[in-house]
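Q: Next up is a structure, given as structure tokens.
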Amino acid sequence: MTVTVRPLDDATYLSLADGATVPLEQAPAWDAFDRAVPGRTPWRRLGFFDGDDAVALVALTEMRGRGFRYLWAKHGPVWLAEATAERERAVREALVAAVRRVDRGLVFVRLHARHRAPELRELLQTVTYDRTVVLDLRPEEEEILAGMKKRGRRDVRKALRDETMVAGEETGLTREQFHELYQLLVETGGRDGFGISPEDVYWTMLTTLGPEHCRLFVTRREGRALAWGLVTVNGAFATYYYAASNAEGRRSGAADLLVWHMATALRATGVRTFDLMGVDSDRAPQLRGVRDFKTKFSEEIVEVDGAWDVPVHRAWYGALVAALAAKRAAVRAARELPGRARGLLRRGGAARAADAEA
């Protein structure tokens, strides 16, 4: 199968995508966020054609690491034809060839794929997911509630009966008000053991994408924030992008009330599909802790295309893999040392080497 690649302007891209589900990260609206975040730049939109028929579209962002650059097609390609293994391979080959022609300094392309293949590599430094929970918001509210697991219905109804808690949308909040919410995210990351980005990243996402594409919901008790969620929206499709809660919120079921309020509020504005964004699988065992919570709202776990790295400059990519493996080995060795020796190592050159990104 032979696939050709053509650069597309925004109007042609959107025209070809008409009728397809386009994730926000693959839409032109996402460019404003990429332009505002250091280390990111919108690269190109491309169409892939079998003869005169468009089979896939992709929007690519150039990402800059420490000493290397790569392209990220987050939640892309957007498929206009069936994503068979042969078609996926043909699109990847055409994309890599096009990237090499334009910029041989790009080390790899990160994109999503349904079928495993030898050229697909596990991601260097981040977590992907290939299973998620998606709420269908087309039925009436009572039908949506009835479709939840028994435990989900119970927890939502219990939270709704607690008149001390109120969930609402706070998309237009001030920067000072968002700073209060960010502290909940700091607590969540420390409790659950995951890294968070600087506060500016989340605030920039809200302000550059705007209320049409990025909405913020909060559960409060007597004015105190207990839980919040940031949701991205593109047409009828929404994604639960970030979530945070404090200890009081976890005890009180604030997150259950929050998800229910988000679902009903999104439904009221025309959203029909609400992706809770990832549960665990063999590729993402780190997400095991969120599965019980998310599957309360739907018993069905949906298979989705996970992300992979596709080397463009193979030797350079291999060097990055080796450097990252050495870094991780150094970090593991440092953790196994007695406390005093570990402190000395941190002050020495070996620690600086371990801190350098691949």
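The values are calculated or read from the model by the stated rules, or taken from the named source; none is laboratory data. All figures in this text were calculated on a predicted structure; none of them were measured in a lab. For neighbour counting, all protein chains shown are included, and Cβ atoms are generated from backbone atoms with ideal geometry for every residue, glycine included. Side chains included, ligands, DNA and RNA excluded: accessible areas come from the protein's heavy atoms. Shrake-Rupley method; radii C 1.70, N 1.55, O 1.52, S 1.80 Å.
Q: At 7 Å along Cα-to-Cβ for each site, give me the label-to-label distance between Asp280 and Val127 in nm.
A: For the pair Asp280/Val127, the computed spacing is 1.0 nm.
Q: Working only with C-alpha atoms, what are the Rg and Dmax values of the stretch 127-271, expressed in angstrom?
A: Considering the stretch 127-271 through its Cα atoms, Rg and Dmax are 15.0, 39 Å.
Q: From the phi of every residue in the stretch 223-228, what ³J(HN,Hα) in whole Hz does the Karplus formula 6.51 cos²θ - 1.76 cosθ + 1.60 yield, where θ is phi - 60° and glycine or proline is x?
A: x, 7, 6, 10, 7, 8
Q: A further question follows. Near the amide H of Phe68, under 5 Å away, which other amide H atoms are found, from residues 5 or more places off or on another chain, if H is placed in the peptide plane?
A: none
Q: Please list, short to long, the whole-number percent of alpha-carbon pairs of the chain in consecutive 20 angstrom bins beginning at zero.
A: 26, 55, 19, 0
Q: Which ³J(HN,Hα) values in Hz, rounded to whole numbers, follow from the phi angles of the stretch 310-326 under the Karplus curve 6.51 cos²θ - 1.76 cosθ + 1.60, where θ = phi - 60° and Gly and Pro get x?
A: 10, x, 9, 10, 4, 5, 5, 4, x, 5, 5, 4, 5, 5, 5, 4, 5
Q: Give the calculated FRET efficiency between Arg116 and Leu160 to the nearest 0.05, with a Förster radius of 35 Å applied to their Cβ-Cβ distance.
A: Step by step, r from the Cβ atoms, then E = 0.20.
Q: Please compute the length gained on full extension between Gln183 and Arg151, using 0.36 nm multiplied by the number of residues separating them and subtracting their Cα-Cα distance.
A: In short, 8.6 nm is gained.
Q: Please list the non-local residues whose amide H lies under 5 Å from the amide H of Trp43, H modeled 1.01 Å from N, same-chain partners needing a gap of 5 or more.
A: For Trp43, whose amide H was placed from the backbone, the distant partners under 5 Å are Leu60, Thr61, Glu62.
Q: Now, a different point. Would you check the chain for Lys pairs whose C-alpha atoms are within less than 16 Å, ignoring same-chain pairs closer than 8 in sequence, and give me the count?
A: 7
Q: So what are the ³J(HN,Hα) numbers for the stretch 102-109, from phi and the Karplus equation (6.51, -1.76, 1.60; θ = phi - 60°), rounded to whole Hz, Gly and Pro as x?
A: Calculated HN-Hα couplings, in order: 8, 7, 6, x, 7, 7, 7, 10 Hz.
Q: Considering only DSSP beta bridges whose two residues both sit in the chain, what percent are antiparallel, to the nearest 5?
A: Values: 53 of 59 bridges.
In the chain, DSSP labels about 90 percent of beta bridges as antiparallel.
Q: Amide H neighbours of Cys214 under 5 Å, counting only residues 5+ apart in sequence or on other chains, H built in-plane at 1.01 Å?
A: Val233
Q: Calculate, for the chain, the solvent-accessible area per residue in square angstrom, rolling a 1.4 angstrom probe over the heavy atoms of the protein chains.
A: Counting only protein heavy atoms, the per-residue value for the chain is 49 Å².
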